[in-house]
1. Separation between the Thr12 and His30 pseudo-spin-labels, each 7 Å from Cα along Cα→Cβ, expressed in nm?
2. Label-point separation (nm) for Glu51 and Trp38, each offset 7 Å from Cα along Cα-to-Cβ?
3. Just to confirm the filter: which trypsin sites (Lys or Arg not before Pro) across segment 1-54 are DSSP coil and have at most 16 other Cβ within 10 angstrom of their Cβ?
4. Would you tally the net charge around Val63, using a Cβ to Cβ cut-off of less than 11 Å, leaving Val63 out, and scoring K and R as +1, D and E as -1?
5. What net charge is computed for the residues neighbouring Val23, neighbours being all others with C-beta under 13 Å from the C-beta of Val23, Lys and Arg scored +1, Asp and Glu -1?
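Laboratory data are not the source of any read-out in this text; all were calculated from the coordinates shown. No experiment lies behind these values; they were computed from the predicted model shown. Positions of Cβ are generated from backbone atoms using ideal geometry, with glycine treated the same way; all protein chains shown enter the neighbour counts.
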Amino acid sequence: TVHASEYVPLNTKLVYGVVRAAVLRAQGEHSICLGVLWADGTSDLLKKHDEPVSFIEDDRLIVLRRWAQGFHGADGVIEFQDELADKKEELAEMVGVQSARKERKDKSSKKEKKEKKSRKERHSSSSEEGAISE
């Protein structure tokens, strides 16, 4: 969450759509406003765009924020994002390995269920044959 005053003037009546637009247009970041955390501790998520709002000093906005390169405070975040991009192939390979393991596990699980069912059917058919011969 961030102070509402980072994006909009305090004690000014606005519609929530204007607040979202202000967050979206903020320079140096790619952000979206998801809602409001009011000073009294209550929250409103995904408010209607035409709903009127007015913020005081302790009101906060619930914002997903991604910094743009070259802006204050963003350098560490940008480096981390670049590292993730560099490791994209490695991450994809790891996901592939996990998927293959899951597929093998699913296949073995299905095979076990099938074997149990066939044993159960054989057991019930041999029980019926025993009952018929008596």
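1. The answer from the label model is 2.7 nm.
2. Roughly 1.0 nm, to one decimal.
3. On the way: sites: Lys13, Arg20, Arg25, Lys47, Lys48; in loops: Lys13, Arg25, Lys47, Lys48.
Those satisfying the criteria are Lys13, Arg25, Lys48.
4. Surrounding charge for Val63 is +2.
5. My count for the surroundings of Val23 gives +4.
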